[in-house]
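Down below is the structure, laid out as structure tokens.
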Amino acid sequence: MTRTEPDHSGERTGDGGRSITLGLAQLEIEAGELDGNVDRAVDAIARAAKRGADLVALPELFTVGYFAFDCYERSAEPLEGETMTRLERAAADHDVALLAGSFVEDLAATESVETPADEGYANTTAVFSADGDLELVYRKHHLFGYDSVETELLVPGDRIDTANVCGVKIGVSTCYDLRFPELYRILVDQGAELILVPSAWPYPRIEHWETLSRARAIENQCFLATINGAGTFDDATLLGRSTVYDPWGTVLASSGDEPTLVMATIDLDAVGAVRDRFPALRDRRL
């Protein structure tokens, strides 16, 4: 089921009672405009909460724009910096959990959690509970080298973890990670029922975006939500199409390429039901 503006509401996937409502904030991202980008994120959190979201998710490097490579260093902050603090407070004020997209983390300045290196920068996302507690930190593992300088500018992550948020076991990956299915097997083996994928996926690779995302949901029999940005940079235009997939790979809610909120209520009991009905994960031999 694909919908367009203004309503991107999903549907329940079964009759179980364990459900949450996702709000995917497909933000307009302006290159290097940290203040304006964060303002739009805070506004989106409020709007998603008003529409009933339990968990709000933001795109990859929405703070400065993935393709604004010259802005990475000047925008870098520690995990405890102003941007993450502001987003955490916005989520707590509206009583929603938050996947805080991703930002350029200054590893040397971060003090509250372990880092993969003593210095340098990482493409980092954080998950906060509705109480404002930090539940999960994920740093992008697979850095994009094709027509990009991400591999030269950033340090890859070294931890893959899950967390219980809103009554669901959540895992996180970031954009290019979609091309590496081994990462998702690790998340599922840790119990992930919902995997969130903040991204900055550009045109023209629409087929890759849709096929890889659906495949990760199908092969791991879990919900998967991709949160892409909107906007044009010097050399790229983000294709949007933020989407929620169920454990069968069915699209529950999706968007075009314009800024919007994608809303979907998902029945978490469907994960166990699908895995029982079609036990592909139990049949693995590798």
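Here's a check for you: in region 234-250, which residue that is surrounded by 19 or more Cβ atoms within 10 Å (Cβ to Cβ) and of a type outside the set (Gly, Ala, Ser) is farthest from residue 282 (Cα to Cα)?
Residues of region 234-250 surrounded by 19 or more Cβ atoms within 10 Å (Cβ to Cβ): 238-247.
Then drop every residue that is not of a type outside the set (Gly, Ala, Ser), which leaves 238-239, 241, 243-247.
Numbers: 238: 37, 239: 36, 241: 32, 243: 27, 244: 24, 245: 21, 246: 19, 247: 15 Å.
Top of the filtered list is 238.
Which one of these does residue 101 not meet: (1) on the phi < 0 side of the Ramachandran plot; (2) touching a residue at least 24 places away in the same chain (Cβ under 8 Å)?
(1)
Restrict the check to region 54-64 and report whether at least one residue is surrounded by fewer than 18 Cβ atoms within 10 Å (Cβ to Cβ), in contact (Cβ under 8 Å) with a residue 40 or more places away in the chain and assigned to a loop (DSSP other than H, G, I, E, B).
Narrowing region 54-64 to residues surrounded by fewer than 18 Cβ atoms within 10 Å (Cβ to Cβ): none.
No; the residues of region 54-64 include none that is surrounded by fewer than 18 Cβ atoms within 10 Å (Cβ to Cβ), in contact (Cβ under 8 Å) with a residue 40 or more places away in the chain and assigned to a loop (DSSP other than H, G, I, E, B).
Among the candidates 32, 23, single out the residue that is among the small types (Gly, Ala, Ser), in a loop (DSSP other than H, G, I, E, B) and at pLDDT 95 or above.
Exactly one of 32, 23 is among the small types (Gly, Ala, Ser), in a loop (DSSP other than H, G, I, E, B) and at pLDDT 95 or above, namely 32.
Going residue by residue through region 12-20, is there one that turns out to be surrounded by fewer than 21 Cβ atoms within 10 Å (Cβ to Cβ), at pLDDT 95 or above, touching a strand residue (DSSP E or B) at 6+ places or on another chain (Cβ under 7 Å) and among the polar types (S, T, N, Q)?
Checking region 12-20: at least one residue is surrounded by fewer than 21 Cβ atoms within 10 Å (Cβ to Cβ), at pLDDT 95 or above, touching a strand residue (DSSP E or B) at 6+ places or on another chain (Cβ under 7 Å) and among the polar types (S, T, N, Q).
Kindly evaluate residue 247 against the criterion of being in a loop (DSSP other than H, G, I, E, B), within 19 Å of the chain's Cα centre (by Cα) and within 20 Å of residue 190 (Cβ to Cβ). Don't jump to the end; show me each part of the working.
Numbers: in a loop (DSSP other than H, G, I, E, B): yes; within 19 Å of the chain's Cα centre (by Cα): yes; within 20 Å of residue 190 (Cβ to Cβ): yes.
Yes: the conditions hold for residue 247.
Could you tell me which numbered condition residue 214 fails, if it satisfies all but one of (1) in a helix (DSSP H, G or I); (2) surrounded by 21 or more Cβ atoms within 10 Å (Cβ to Cβ); (3) of a type in the set (Lys, Arg)?
Of the numbered conditions (1) in a helix (DSSP H, G or I); (2) surrounded by 21 or more Cβ atoms within 10 Å (Cβ to Cβ); (3) of a type in the set (Lys, Arg), the odd one out for residue 214 is (2).
Take the residues of region 174-213 that are basic (Lys, Arg) and in contact with a helix residue (DSSP H, G or I) (Cβ under 9 Å, 6 or more places away or on another chain): which is farthest from residue 159 (Cα to Cα)? Give the steps one after another, and end with the answer.
Start the filter on region 174-213 by keeping residues that are basic (Lys, Arg), which leaves 179, 185, 205.
Within this subset, residues satisfying the condition of being in contact with a helix residue (DSSP H, G or I) (Cβ under 9 Å, 6 or more places away or on another chain) are 179, 185.
On the way: 179: 18, 185: 14 Å.
Top of the filtered list is 179.
Here is a check on your reading of the model: is residue 192 at pLDDT 95 or above, part of a loop (DSSP other than H, G, I, E, B) and within 17 Å of residue 97 (Cα to Cα)? Step through it out loud before you land on a result.
On the way: at pLDDT 95 or above: yes; part of a loop (DSSP other than H, G, I, E, B): yes; within 17 Å of residue 97 (Cα to Cα): yes.
So residue 192 passes the test.
The values are calculated or read from the model by the stated rules, or taken from the named source; none is laboratory data. Note that the coordinates shown come from a computational prediction; the quantities given were computed from them, not determined experimentally. Note: ideal-geometry Cβ built from the backbone for every residue, glycine included; neighbour counts use all protein chains shown.
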